Amino acid sequence: MRPRDASESNRAASTLELFFDLVFVIAVSQASTSLHHMLAEGDWAGGLPRYLLAFFAIWWAWMNFTWFSTSFDTDDWLYRVLTIAQMGGVLLFAAGIEPMFTEDSFALMIAGYVVMRIAMVLQWLRAATGGGPTRRTALVYAAGIAIAQALWVAWLFVPESPARTAFLIVLVLCEIAVPVVAESAGRARTPWHPEHITERYGCFTLILLGESLLGSANAVFSARADVDSLTSLVELAVLALIVTASLWWIYFWPPHHRAIGSFASSLRYGYVHYIVFAAAGAFSAGIEVEIAVLTGESELFELAASFTVTIPIAVFILGIWWIAFRGNADRVVNTVVPAGALLVLLDPLIPVPIALSTIVCIAIVAVLVVRRPVPEDELPNDQLSDQADASA
């Protein structure tokens, strides 16, 4: 298992990677559904932190596998077996998401997470045994991940207290520090394939937007059973579809591979995507909350329900603008996109759910149709330097 060529032509997501993504559909759905139920009950303080923690584990396990595969994917039998073992951990983790929300029980979820991560440790150890300049880097990854898993298990036995919460925050920071430490201190860095990485992120984005399409469909299903709210639910379904399609359009407008030319920019791209992905998952939960309010299944005020939709939309757009648009767009686009994201937050003042958000998203897409990404030969010198570094 030796590092792959970062300039390999026609590198695309493998069928194993796409198969791997399927189990994350289940985990994302569980997290989004659990968030929807707690928000519909008005329990924001309990639902949001749990959702962010569950989504951190989903995102982090998926992202670690993705960056590993871009560097060392051999697609032989052992690589496949270890990947399938990770998938088993994801399914176990998904089964533990609901108990974490409803019973404050973390044991099953963390058990699944540890299974995912131990399989990742074995992958890194195999990469280390392959020799080559990245051997020490792979060993640091393996050690760092293994230590973090031991700490997660230890955290389960800490009594409920402020210290337990502080320990949790330290654990999260330890996890995200592993790649920074492993790829630094003079060690050889693992290579990444820009087009392959950004395609994989695009695949995960489609999974999350698929949850929002399900929310749109659920509005239609609810309309069939609730004639009194028929008009409102159909309007919500149509508007949710348009916004979801707009978010897809916005996400895939810039050439993402330009955003990961250097190690620092790749960290920014990878880590900020946590916010983008979490917002996309929360958007689908917000649609479900709106459905619950319209059908009388939730006593949440309409103003509060609207914010469960508009805040995720705004965060999603701002996140993508920050990591992928800024260096690839002209002044018009770099003004319209963030301004539009902020304007979405005024949507709750409109009586029709997500009507203003829909109009704003359409306007942003219209601007993107007219404008084009900045040509590569017109990029600022620092970005051209980043891309040269990536090629090297």
* Assess whether Phe56 counts as being open to solvent by 60 Å² or more (accessible area, probe 1.4 Å), closer than 24 Å to Gly202 by Cβ and of a type in the set (A, V, I, L, M, F, W, C). => no
* Do we find a residue being touching a Ser or Thr at 6+ places or on another chain (Cβ under 8 Å) and either not charged (D, E, K, R) or not in a helix (DSSP H, G or I) (or both) anywhere in the stretch 313-320? -> yes
* Structure fact -> Residue set Ala127, Ala138, Ala182; condition farther than 14 Å from Ala54 by Cα, modelled with pLDDT under 95, within 23 Å of the chain's Cα centre (by Cα) and open to solvent by less than 30 Å² (accessible area, probe 1.4 Å); output residue Ala182
* To do: For Val352, state whether it is farther than 21 Å from Trp44 by Cβ, more than 22 Å from the chain's Cα centre (by Cα) and modelled with pLDDT of 95 or more.
  => no
* **All helices (runs of 4 or more DSSP H) inside the stretch 79-161 with 1 or more residues being within 21 Å of Phe68 (Cβ to Cβ)** => 107-129, 135-155
* Considering every residue within the stretch 320-340, establish whether at least one is touching a residue at least 12 places away in the same chain (Cβ under 8 Å), more than 25 Å from the chain's Cα centre (by Cα) and either farther than 30 Å from Ala45 by Cα or buried (at least 22 other Cβ atoms within 10 Å of the Cβ) (or both). => yes
* Assuming Asp347 fulfils every condition listed in (1) at pLDDT below 95; (2) open to solvent by 10 Å² or more (accessible area, probe 1.4 Å); (3) more than 26 Å from Leu267 (Cα to Cα) apart from one, which condition is it? -> (2)
* Odd one out for Ala282, checked against (1) aliphatic (A, V, I, L, M); (2) open to solvent by 10 Å² or more (accessible area, probe 1.4 Å); (3) in contact with an Asp or Glu (Cβ under 9 Å, 6 or more places away or on another chain) -> (3)
* To do: Please determine, by comparing only the residues of the stretch 192-212 that are under 12 Å from Leu247 (Cβ atoms) and out of contact with any helix residue (DSSP H, G or I) (no Cβ under 6 Å at 6 or more places or on another chain), which one is most open to solvent (accessible area, probe 1.4 Å).
  => Leu206
* To do: Output the number of residues of the stretch 352-374 satisfying the condition of being within 20 Å of Gly215 (Cα to Cα) and not in a helix (DSSP H, G or I).
  => 3
* To do: Considering every residue within the stretch 29-49, establish whether at least one is of a type in the set (Gly, Ala, Ser), out of contact with any strand residue (DSSP E or B) (no Cβ under 9 Å at 6 or more places or on another chain), surrounded by fewer than 22 Cβ atoms within 10 Å (Cβ to Cβ) and under 22 Å from Phe19 (Cβ atoms).
  => yes
* Hey, could you check the stretch 57-75 for residues that are among the hydroxyl-bearing types (Ser, Thr, Tyr) and part of a helix (DSSP H, G or I) and say which is farthest from Arg4 (Cα to Cα)? => Thr66
* Structure fact -> Pairs returned, first residue in the stretch 277-304 that is closer than 14 Å to Leu35 by Cβ, second residue that is among the acidic types (Asp, Glu) and part of a helix (DSSP H, G or I), beta-carbon separation under 6 angstrom, 6 or more apart or interchain, are Ser284/Glu211
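For every residue, the table says whether it meets (1) closer than 25 Å to Val369 by Cα; (2) of a type outside the set (A, V, I, L, M); (3) under 20 Å from the mean Cα position of the chain (by Cα); (4) not in a helix (DSSP H, G or I).
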residue: Ala237; (1), (2), (3), (4): yes, no, no, no
residue: Thr244; (1), (2), (3), (4): yes, yes, yes, no
residue: Trp249; (1), (2), (3), (4): yes, yes, yes, no
residue: Trp253; (1), (2), (3), (4): yes, yes, yes, yes
residue: Gly270; (1), (2), (3), (4): no, yes, yes, no
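The values are calculated or read from the model by the stated rules, or taken from the named source; none is laboratory data. Quick caveat, the model's predicted, so the values are computed rather than measured. Using ideal geometry, Cβ is built from the backbone for each residue, glycine included, and neighbour counts are taken over all protein chains shown. Just the protein is used for accessible areas: all its heavy atoms, side chains included, with ligands, DNA and RNA removed. Shrake-Rupley method; radii C 1.70, N 1.55, O 1.52, S 1.80 Å.
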